[in-house]
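What follows draws every value from the coordinates through simple rules; no lab data is involved. Since the model is a prediction, treat every value here as computed from it, not as a measurement. No Cβ is skipped: glycine too gets one built from the backbone with ideal geometry, and neighbour counts run over all protein chains shown.
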Amino acid sequence: MNYRYFIKLDYNGSAFHGWQIQPNAITVQETLEFALSKLLKEEIKIVGCGRTDTGVHAKNFIAHFDSTTKHLESNNPLLYKLNKFIPKQIVVHSIHKVPNDAHSRFDATSRTYKYFINRKKDVFNFENCYNLTLPLNILEMKKAAEKLFSYIDFTSFSKINTDTKTNNCTIMQALFEEIDDQLIFTIKADRFLRNMVRAIVGTLLDVGKGKISVDDFCKIIESKDRCKAGASAPGNALFLIKVTYPFEF
């Protein structure tokens, strides 16, 4: 009999080519599957709550796996052994037994990302931020971000030729905050398309730079054409920070 477990983890994406396994590249999923398979002495397959691109980071990322071992909760020695075995760029915080039909991806009701932009040169905090000291019209960027609530089809901000059945997403939060010398963009939705957050940020930055207007931003969304949107913002400044579920674990 198999038992299903949810794990909660953080990872620094700078060392990986994203979450999902791919040929000839090191990924977080592959690293965890290898470690768990070795420690549990059985083949383990892990399903993540979503994909992250190369270089993107995650806090409180949720994934699930099945095992024939019954008691693997956080007080089990497995958690300690796992964190000793995996690279320093990954930490597993907890392991929880869940119902066998619980699913880390399909049961998630929302996901929240944050994007960090340094407005002044910072020699101590640049690896995980986008350093952009050009003048920005932040008020116009805020106005454009508010327009996201008026749409559900975000084809213009998705990678082309993906395997998704729909490009519809419900945006629940989209805002800019200015904290000291940082500009932080927070966005929350029921789901995200591949590359969607970085494409949105890149296009909002075009608004801030004066390359396009707020009306242009809306027309880009309505065009459903990725070629009309801005370049994707760098992945190193993007963090998945929260995933919510309709149940406790």
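Quick rundown of the values:
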read-out	value
Some residue of the range 221-240 being closer than 30 Å to residue 99 by Cβ and not β-branched (Val, Ile, Thr)	yes
Some residue of the range 71-78 being in contact with a Phe, Trp or Tyr (Cβ under 6 Å, 6 or more places away or on another chain) and of a type in the set (S, T, N, Q)	no
Meets criteria (in a strand (DSSP E or B), closer than 13 Å to residue 117 by Cα and aliphatic (A, V, I, L, M)) for residue 204	no
Count of the range 86-101 residues which are farther than 14 Å from residue 67 by Cβ and assigned to a loop (DSSP other than H, G, I, E, B)	6
Sole residue being under 25 Å from residue 48 (Cβ atoms) and of a type in the set (S, T, N, Q), chosen from 137, 100	100
Hits in the range 149-170 - residues which are over 28 Å from residue 14 (Cβ atoms) and aliphatic (A, V, I, L, M)	152
Positions within the range 138-169 being part of a loop (DSSP other than H, G, I, E, B), touching a strand residue (DSSP E or B) at 6+ places or on another chain (Cβ under 6 Å) and surrounded by fewer than 19 Cβ atoms within 10 Å (Cβ to Cβ), in sequence order	152, 167
Residues of the range 40-57 classified as in contact with a His (Cβ under 9 Å, 6 or more places away or on another chain) and not hydroxyl-bearing (Ser, Thr, Tyr), total	6
The range 102-137 - residue that is more than 22 Å from the chain's Cα centre (by Cα) and buried (at least 16 other Cβ atoms within 10 Å of the Cβ) and, of those, nearest to residue 67 (Cα to Cα)	119
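Here is a yes/no grid of residues against (1) within 17 Å of residue 61 (Cα to Cα); (2) surrounded by fewer than 23 Cβ atoms within 10 Å (Cβ to Cβ); (3) in contact with a helix residue (DSSP H, G or I) (Cβ under 6 Å, 6 or more places away or on another chain):
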{"site": "190", "(1), (2), (3)": "yes, yes, no"}
{"site": "206", "(1), (2), (3)": "no, yes, no"}
{"site": "210", "(1), (2), (3)": "no, yes, no"}
{"site": "217", "(1), (2), (3)": "no, no, yes"}
{"site": "222", "(1), (2), (3)": "no, yes, no"}
{"site": "236", "(1), (2), (3)": "yes, yes, no"}
{"site": "242", "(1), (2), (3)": "yes, yes, no"}
{"site": "245", "(1), (2), (3)": "yes, yes, no"}
